[in-house]
Amino acid sequence: QTRKIANLVDLIPQRIEFLRNAGCKIGHVVIAGMGDLGEGTCGHYPAQQFRIEIDRREQLKLVRRGLSDIIMAVSPIVDKVTVTAVGGNHGENRSAGKAFTTTGDNDDVAVFEQIAEGFQLNKEAFGNVGWRIPLEQLSISMDLAGHIVAFTHGHLSKASQNAAQSIWTWWQKQAMGRAHEGVADANILITGHYHHLNVKEQEGRTLFVCPSLTTVGEYFQDGAGVKTQPGTLTLTVDESGWGNLELLN
């Protein structure tokens, strides 16, 4: 997994160059942390303390350095970079297997604040890098080329082996109740949590469930009987909608 993060430093600029050569005008890049950037050390799944390879501090150091390298590789070749993040369940501050502080007290978001503080000290070199970091919210949205694109980890949905349908049902409830800012009105929703790629399009809206960098969670394979393709989800958004979906791996 460490090597896969390091590879993105080269793979993302290569993908941008490929798309530009294909005729895509790419001036604005969004880098989104979809949650569960670290595994945590306990309280998330059986035998976690036995299986975990590095402690919480080392996990966050890996995330911090990997994200910083990616931002530094992308920012010189585009006009604008927006960095955003949402909190996942593995980033929660937990005791006895349960989150016990606030929804905003989350490593997946806090690590982006730490990175932002460093980059903002060098505005001359990284003045084109902007930050959208939520406080207590578990989702965030932005207007991209006239489309409202929302991001959430996906653990708010009811657990199911059919990831797309679970999140789709949650999204429908948000549209009815308008509970989460931006999500109800979004026509593109990007989530994680379920560890495998899934795309569902209906009624003018599109849902993307991102895969994880790891090959598969053992519990998903035990339950569903299949393996999944790992990778980092990339796509383009322009006036006509989304396109050019590609997994970088």
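The values are calculated or read from the model by the stated rules, or taken from the named source; none is laboratory data. Source: prediction; values computed, not measured. Counting neighbours? That spans all protein chains shown, and the Cβs are built from the backbone with ideal geometry, glycine included. For the accessible areas, the whole protein counts, side chains as well, though only heavy atoms, and no ligand, DNA or RNA atoms are used. Shrake-Rupley method; radii C 1.70, N 1.55, O 1.52, S 1.80 Å.
Details
- Residue match in the range 111-130 (condition: among the hydrophobic types (A, V, I, L, M, F, W, C), loosely packed, with under 12 Cβ neighbours inside 10 Å and closer than 14 Å to Thr84 by Cα): no
- Single residue of Ala186, Ala150, Ala163 found to be within 16 Å of Gly87 (Cα to Cα) and open to solvent by less than 10 Å² (accessible area, probe 1.4 Å): Ala150
- Of the residues making up the range 127-136, those that are assigned to a loop (DSSP other than H, G, I, E, B) and touching a strand residue (DSSP E or B) at 6+ places or on another chain (Cβ under 9 Å) number 3.
- Pick from the range 119-139, criterion hydrophobic (A, V, I, L, M, F, W, C) and either modelled with pLDDT under 95 or over 18 Å from the mean Cα position of the chain (by Cα) (or both), ranking: farthest from Gly91 (Cα to Cα): Ala125
- Out of Asp79, Asp107, Asp185, one residue alone is within 17 Å of the chain's Cα centre (by Cα) and among the acidic types (Asp, Glu). It is Asp107.
- Any hit, the range 156-179, residues being out of contact with any Asp or Glu (no Cβ under 8 Å at 6 or more places or on another chain), over 21 Å from Leu233 (Cα atoms), at pLDDT 90 or above and not polar (S, T, N, Q): yes
- Note on the range 95-109: among residues that are among the hydrophobic types (A, V, I, L, M, F, W, C) and without any contact (Cβ under 8 Å) to a residue 12 or more places away in the chain, the one that is least open to solvent (accessible area, probe 1.4 Å) is Ala99.
- Test result for Arg51, open to solvent by 50 Å² or more (accessible area, probe 1.4 Å), charged (D, E, K, R) and at pLDDT below 85: yes
- Filtering the range 78-94 to residues that are assigned to a helix (DSSP H, G or I) and open to solvent by 10 Å² or more (accessible area, probe 1.4 Å) leaves Asn89, His90.
- Take the conditions (1) open to solvent by 70 Å² or more (accessible area, probe 1.4 Å); (2) within 21 Å of Asp105 (Cα to Cα); (3) modelled with pLDDT of 85 or more; Gly35 misses just one of them, which is (1).
- Failed item in (1) open to solvent by less than 40 Å² (accessible area, probe 1.4 Å); (2) part of a helix (DSSP H, G or I); (3) hydroxyl-bearing (Ser, Thr, Tyr), with Ser141 passing the rest: (2)
- Residue within the range 61-75 that is part of a strand (DSSP E or B), among the aliphatic types (A, V, I, L, M), buried (at least 21 other Cβ atoms within 10 Å of the Cβ) and within 17 Å of the chain's Cα centre (by Cα) present: no
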